[in-house]
Amino acid sequence: MKIFGKVIIFTGSKGGCGQSFTANCIANYLAMKTNYNILMIDMNTGSRDSRTIYHTVNEEIMTIADIYYEKKKPAIEDIKKVIVNFKNSLSYIFPPLKQQNKIFKYLFLKNLFKLFTGIFDLVIVDCDMFVDFNIKNGSIFDLSDELIIVSLADKVSVSNINSIISYFLKSKDNLNIKIIINKYNIKPSVSILKLNSLVRYPISQFIPYDRDIENLYLTKGPASIFKYNLKIVNDIRQIAESIIKDIPDNNNN
Ligand SMILES: Nc1ncnc2c1ncn2[C@@H]1O[C@H](COP(=O)(O)OP(=O)(O)O)[C@@H](O)[C@H]1O
Ligand SMILES: [Mg+2]
């Protein structure tokens with residue numbers, strides 16, 4: 001049974017900043033630890049990352065691009081074709097492997113997400129800023145209840161993150177934004193103190209880089225990291241808990 005329907009979009013300030021890593025870890029944690037029905041959508045066309053970490057070898061999996069019709073609303077039967085079910089109540093939608101010449105219409109995505117939030121409690125989207133350039137008449141970010149921007153701690157990333165923040169603050173009035181600084185312990189990085197003054201928005205969380213965790217994530221999958229009591233794991237857990245904290249207690253069982 002669906003308890004609530006909420007869309008959380010993860011985006012990042014630069015390739016390799018950990019946008020997919022944090023989104024996948026959080027989706028797996030919530031699928032494992034709660035009864036919520038969770039859908040994760042990887043929107044990064046052409047990227048094999050999610051197939052690799054979930055050891056998904058089937059190249060023929062249908063994707064959102066396959067069920068896209070310019071003039072037709074998506075139906076429940078369409079979305080059943082693209083959803084892959086994992087254990088722990090996590091469902092997944094993989095991106096197309098080949099570059100698409102399709103430009104999605106915003107209205108199609110809006111209808112699609114309406115179907116998703118009608119079924120799932122949480123829809124977690126891994127979505128590069130560039131995805132938005134291929135959407136006509138609107139922005140995918142308008143479909144989110146919460147936007148999580150992941151960034152590294154170097155100078156270029158900080159400058160990028162400030163541009164992203166001003167873009168969202170200018171164009172989207174009620175967007176709920178969270179900033180996460182990832183791999184802050186990796187040089188070259190700006191100190192935490194300096195970051196707090198340079199980034200033009202409060203930073204919610206600082207996640208360190210951990211080589212063993214990266215190895216686990218890549219070989220055994222995102223769910224496997226939660227067996228370990230490390231700062232990085234606790235930080236990710238905290239972000240996940242904060243996503244579900246607004247749900248009334250009587251529903252959270
Ligand atoms: N805090 C972290 N600790 C360990 N490995 C990390 C961390 N953040 C990201 N990674 C690893 O860094 C690589 C790039 O991260 P990824 O999430 O794929 O970047 P992108 O932002 O491009 O989606 C991946 O191998 C991922 O597992
Ligand atoms: Mg990625």
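Stretched out fully, how many nm does the piece from Ile192 to Asp246 gain, at 0.36 nm a residue minus the Cα gap?
The span from Ile192 to Asp246 would gain 16.6 nm if fully extended.
Restricting to bridges with both residues inside the stretch 1-134, how much of the DSSP beta-bridge set is antiparallel, in percent to the nearest 5?
Here the antiparallel bridges make up roughly 10 percent for the stretch 1-134.
Nearest 5 percent is fine: what portion of the DSSP beta bridges confined to the chain is antiparallel? Write down the numbers at each step before the final one.
Working: 2 of 32 bridges.
Among the beta bridges of the chain, antiparallel pairing accounts for roughly 5 percent.
Choose one answer from Asp42, Asp145, Asp212: the residue with the largest mean-square fluctuation in a GNM of the chain with alpha-carbon springs under 10 Å.
Ranking Asp42, Asp145, Asp212 by mean-square fluctuation puts Asp212 first.
Would you work out the relative contact order for the chain, in percent, from Cα pairs under 8 angstrom that are 6 or more residues apart?
On the way: 440 pairs, mean separation 69.2, N = 253.
Relative CO of the chain lands at 27 percent.
Highest mean first, what order results for 156-166, 80-90 on Cβ atoms within 10 Å?
Result, highest mean first: 156-166, 80-90.
Testing the spin-label approximation: label points 7 Å from Cα along Cα→Cβ at Leu107 and Arg211. State their distance in nm.
5.5 nm
How big is the charge dipole of the chain about its Cα centre, in debye rounded to the nearest 20, if each Lys and Arg gets +1 on its Cβ and each Asp and Glu gets -1 on its Cβ?
Dipole of the chain, to the nearest 20 debye: 240 debye.
Express in nm, to one decimal, how much length is gained between Ser159 and Val84 on full extension, taking 0.36 nm for each residue of separation and deducting their alpha carbon distance.
Length gained, Ser159 through Val84: 23.3 nm.
Hey, what did the stretch 1-125 get for relative contact order, percent, Cα under 8 Å, at least 6 apart?
46 percent
Restricting to DSSP H runs of at least four residues, report the calculated mean residue ellipticity at 222 nm for the chain, -39500 (n - 2.57) per run over all residues, nearest 500 deg cm²/dmol. Don't jump to the answer; show the numbers that get you there.
Details: 8 runs with 89 residues, N = 253.
Mean residue ellipticity at 222 nm (helix-derived): -10500 deg cm²/dmol.
Rank the residues Leu193, Leu175 as a footprinting-exposure proxy: fewest other Cβ atoms within 10 Å of their Cβ go first. Don't skip to the answer; put the middle values down first.
Working: Leu193 8, Leu175 15.
So the residues, fewest neighbours to most, are Leu193, Leu175.
Multiply the residue gap between Met62 and Asn134 by 0.36 nm, knock off their C-alpha separation, and tell me the result in nm, one decimal place.
Contour length minus the Cα-Cα distance gives 24.0 nm.
To make sure I understand, if each residue's beta carbon is the centre and we count other beta carbons within 10 Å, what order do Ile53, Ile124, Ile149 fall in, fewest to most?
Ile53, Ile149, Ile124
So, in nm, how far is label Gln100 from label Ile76 when the simple model puts each one 7 Å beyond its Cα toward the Cβ?
Placing both labels 7 Å along Cα→Cβ, they lie 2.3 nm apart.
Which angle from 0 to 90°, rounded to the nearest 10, does the C-alpha axis of helix 19-33 make with the longest principal axis of the chain?
70 degrees
Could you tell me which residue out of Ile79, Thr34, Tyr68 lies farthest along the dipole of the stretch 1-82 toward its positive end? Charges go on the beta carbon: Lys and Arg +1, Asp and Glu -1, centred on the Cα centre.
Of the candidates, Thr34 comes out farthest on the positive side.
Loop sites only, by DSSP: take the GluC sites (Glu not before Pro) in the chain that have at most 14 other C-beta atoms within 10 Å and name the longest stretch containing none of them.
Here the longest run is 71-253.
None of the figures in this text is laboratory data; all of them are computed from the coordinates on show. Only a predicted model underlies this, so the values are computations on that prediction, with no experimental measurement involved. Virtual Cβ from ideal backbone geometry, glycine too; neighbours counted across all protein chains shown.
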